[in-house]
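Right, one structure below, let's go through it.
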Amino acid sequence: MRVRFENVGKRFGAHVALREIELDVEPGECVVLLGPSGCGKTTLLRLLAGLESADEGRLYIGDRRVNDVPPAERDVAMVFQNYALYPHFTVFDNVAFPLRARRMPAAEIAPRVKEAARRLELDTLLDRKPAQLSGGQQQRVALARAIVRNPGVYLMDEPLSNLDAQLRVQTRAELKRLQQELGTTTLYVTHDQGEAMTMGSRVVVLRQGQVEQVGTPLGLYRRPANRFVATFLGSPAMNLWPGALDGGTVRAAGAEVAMPPSSRAAVAAAAGFEVGVRPEDVALAAAPGPGRAPARVVVVEPMGNETIAVLDAGGTRVVARGPADLPSRPGSTLWFSVAPDRVLFFESATGRRIG
Ligand SMILES: Nc1ncnc2c1ncn2[C@@H]1O[C@H](COP(=O)(O)OP(=O)(O)OP(=O)(O)O)[C@@H](O)[C@H]1O
Ligand SMILES: [Mg+2]
């Protein structure tokens with residue numbers, strides 16, 4: 001089912017939680033809402049679920065305007081941040097709950113619960129109580145309870161937040177497969193940018209109640225609209241160095257940075273600008289060379305498959321991803337250069353990307 005937000009606003013007293021939200025989710029699409037704590041992600045889902053009411057704007061599920069439709073009639077299922085299972089119910093009864101609440105006959109309930117349990121690999125746990133389950137299993141019960149009803153829209157609020165890193169990656173892959181199999185329109189909240197990149201066909205970046213940018217994961221990564229989106233996506237974060245025009249070339253952190261001809265006029269027109277370079281686009285070398293600038297190694301973090309190096313280039317911090325066997329130690333000097341085709345430019349005053 002299609003979901004649509006038109007100019008939606010929400011206040012809590014004087015606090016503006018959401019402002020002028022415009023969002024269109026295609027039928028069957030999984031859209032990720034990403035942003036820092038307090039930016040309004042949960043509020044946006046709660047508006048759609050009918051647990052909060054919008055102060056402004058229109059909300060649509062399918063063709064129906066739902067602003068005034070009671071929650072039970074909206075055909076959405078929400079998985080909450082804290083999964084809120086009923087502790088005295090068995091797994092079966094927890095999963096069956098939304099069906100019983102809709103007075104479905106028992107003969108129809110059992111096969112549905114079993115099917116949802118099978119999909120989430122809970123078949124053997126149906127008689128247990130939540131306290132007898134691991135965190136990951138409890139999380140899957142909460143997901144089974146959401147899918148058992150086959151609603152028009154899933155609203156998932158950080159559904160993997162209680163899992164450890166390994167289980168999280170595994171459950172994330174299962175959840176993605178499940179969403180694609182079922183083809184159910186999904187709004188998926190996270191503040192984990194890795195999760196956002198993998199789960200959604202599109203990502204909505206929110207900040208302080210406003211949409212900063214909507215795009216495909218790769219589109220946002222490569223062409224962020226502004227400094228906030230640029231630094232929020234990617235780990236370690238994008239380098240931002242004050243830039244200076246030196247004749248026809250750009251200098252930043254002591255290095256020469258190639259500028260695409262298309263950006264030249266706009267960069268020259270900006271009162272001040274910053275150069276954005278992702279750590280993987282900083283190349284390190286052991287000796288000087290054309291276009292290279294020296295930097296002192298401050299921290300070396302071996303990650304197993306690569307090394308994250310933090311350098312100091314005349315007072316400017318430079319973060320680079322290097323090979324696993326990067327031969328350097330703190331205090332030594334390396335030379336770095338910048339891959340020319342991925343460099344971004346941001347206007348200092350507004351943070352907007354130039355070009
Ligand atoms: N019922 C409420 N009354 C007053 N303020 C609220 C209420 N619910 C949310 N807020 C405020 O609205 C803002 C958005 O809250 P929301 O829960 O949507 O953030 P979030 O993006 O989900 O954050 P997190 O990542 O921490 O879960 C916050 O500043 C929060 O304090
Ligand atoms: Mg939240």
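Do you know which of the residues in the stretch 138-167 that are surrounded by fewer than 18 Cβ atoms within 10 Å (Cβ to Cβ) and free of Cβ contacts under 8 Å to residues at least 60 places away in the same chain is farthest from ligand 2 (Cβ to nearest atom)?
In this case the residue turns out to be N150.
Kindly check whether there is at least one residue in the stretch 302-324 that is closer than 20 Å to R342 by Cα, outside any strand (DSSP E or B), in contact (Cβ under 8 Å) with a residue 24 or more places away in the chain and of a type in the set (D, E, K, R).
The answer is no, given that none of the residues of the stretch 302-324 is closer than 20 Å to R342 by Cα, outside any strand (DSSP E or B), in contact (Cβ under 8 Å) with a residue 24 or more places away in the chain and of a type in the set (D, E, K, R).
Conditions tested, residue by residue: (1) more than 16 Å from ligand 2 (Cβ to nearest atom); (2) in contact with a strand residue (DSSP E or B) (Cβ under 7 Å, 6 or more places away or on another chain); (3) farther than 27 Å from E181 by Cα.
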| site | (1), (2), (3) |
| --- | --- |
| R2 | yes, yes, no |
| G40 | no, yes, yes |
| V69 | yes, no, yes |
| V79 | no, yes, no |
| A84 | no, no, no |
| F92 | yes, no, no |
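Which condition number does T185 fail, the rest of (1) surrounded by 22 or more Cβ atoms within 10 Å (Cβ to Cβ); (2) in the same structural domain as G50 (by TED's automatic domain parsing); (3) in contact with a helix residue (DSSP H, G or I) (Cβ under 8 Å, 6 or more places away or on another chain); (4) not small (G, A, S) being met?
(3)
If a residue must be aromatic (F, W, Y), in contact with a strand residue (DSSP E or B) (Cβ under 7 Å, 6 or more places away or on another chain) and surrounded by fewer than 18 Cβ atoms within 10 Å (Cβ to Cβ), how many such residues does the stretch 4-38 contain?
Residues in the stretch 4-38 being aromatic (F, W, Y), in contact with a strand residue (DSSP E or B) (Cβ under 7 Å, 6 or more places away or on another chain) and surrounded by fewer than 18 Cβ atoms within 10 Å (Cβ to Cβ): 0 in total.
Enumerate the pairs (first residue in the stretch 246-271 and within 21 Å of G351 (Cβ to Cβ); second residue anywhere and among the basic types (K, R)) with beta-carbon separation below 8 Å, excluding pairs fewer than 6 apart on the same chain, so at least 6 apart or on different chains.
Final answer for the pair search is V257/R251.
One line per residue, one yes/no per condition, for (1) at pLDDT 95 or above; (2) out of contact with any helix residue (DSSP H, G or I) (no Cβ under 9 Å at 6 or more places or on another chain); (3) of a type in the set (S, T, Y):
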| site | (1), (2), (3) |
| --- | --- |
| N7 | yes, yes, no |
| E26 | yes, yes, no |
| C30 | yes, no, no |
| L44 | yes, yes, no |
| I61 | yes, no, no |
| E73 | no, yes, no |
| V79 | no, no, no |
| N94 | yes, no, no |
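Identify all residues within the stretch 289-332 that are under 31 Å from the mean Cα position of the chain (by Cα) and at positive phi; write none if there are none.
Within the stretch 289-332, just G304 meets the criteria.
For the stretch 118-134, does any single residue satisfy the condition of being over 15 Å from L163 (Cβ atoms), among the charged types (D, E, K, R) and buried (at least 18 other Cβ atoms within 10 Å of the Cβ)?
Checking the stretch 118-134: at least one residue is over 15 Å from L163 (Cβ atoms), among the charged types (D, E, K, R) and buried (at least 18 other Cβ atoms within 10 Å of the Cβ).
The values are calculated or read from the model by the stated rules, or taken from the named source; none is laboratory data. What you see is a predicted model, and the numbers here were worked out from it, not measured in a lab. Cβ sites come from the backbone with ideal geometry, for glycine too, and all protein chains shown count toward neighbours.
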